[in-house]
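Worksheet: the structure to be examined is printed underneath.
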Amino acid sequence: MIATGGANGAWAYFHDKWEPQPPRITSTETRYVNLYDAAGNLNKGLKAGMEQKGICWEGSIISSTPDARRCISGNVIHDPCWVRDDGYRHVACLASPWTDRVSRLRLSADAKWIEHPMSQPEIPWAIEIQHPEDPFKTLRCLRHGGGVYTFATKLAAQWVCTDTNGKMVGYGLEKVRKQGDGPWTVLFTASGSTQILTAKVKTVWW
């Protein structure tokens, strides 16, 4: 806007010029989760409780990283869990990539030879997206286990998306779409809606 003179015109010019703009996402950051350092210790910044007994019976159905496992302790399923390379009798598990709290399991059987499912290389464990209807907001979307849900959209919901307060607000659909040098995208639908929108992906975790 060009000021046309006078106080009101000048104010209109500066008001438009300095109006906040949503963050621009020009690329997608890719992260691979690794809970252990080269010495087999948990990486710095992670908080772990007491080690519990457990077993791992298959590769993770949440994360497609080769050393991720699906495990159980008592009646609690932990997925994904990462194997410590010291005899494959210890794993560390995360509920999400944005938490620093780790569950540790001591296994009753070797987890080395568990085969990892190879049917999900294009589905990240978690994604961080720009809200397609409010680009000032960032949503965190976590892949869920136990199969995918089917909604009125007729598309598979792979991720449950929450806002910064942890409130569930919608779902990420199908799979991420790579866009060359630009940001990846994913289809999104809000809770209770059949409208399908395209969201830019800020971060992916494998």
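The values are calculated or read from the model by the stated rules, or taken from the named source; none is laboratory data. All of these numbers come straight from a predicted model, not from anything done at the bench. Backbone-built Cβ (ideal geometry, glycine too); neighbour counts: all protein chains shown.
Some values worked out for this structure:
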quantity: Residues of the stretch 44-60 satisfying the condition of being part of a loop (DSSP other than H, G, I, E, B) and under 13 Å from CYS93 (Cα atoms); calculated: LEU46, GLY49, MET50, GLU51, SER60
quantity: Strands (runs of 3 or more DSSP E) wholly inside the stretch 103-193 that include at least 1 residues being in contact with a strand residue (DSSP E or B) (Cβ under 6 Å, 6 or more places away or on another chain) and modelled with pLDDT under 95; calculated: 138-143, 156-162, 168-177, 185-190
quantity: Total residues in the stretch 170-206, condition hydrophobic (A, V, I, L, M, F, W, C), touching a residue at least 24 places away in the same chain (Cβ under 8 Å) and crowded, with 19+ Cβ neighbours inside 10 Å; calculated: 9
quantity: Near pairs, Cβ below 7 angstrom, 6+ apart or cross-chain, from the stretch 84-97 (at positive phi) to any residue that is assigned to a loop (DSSP other than H, G, I, E, B); calculated: TYR88/ASP110; TYR88/ALA111; TYR88/LYS112
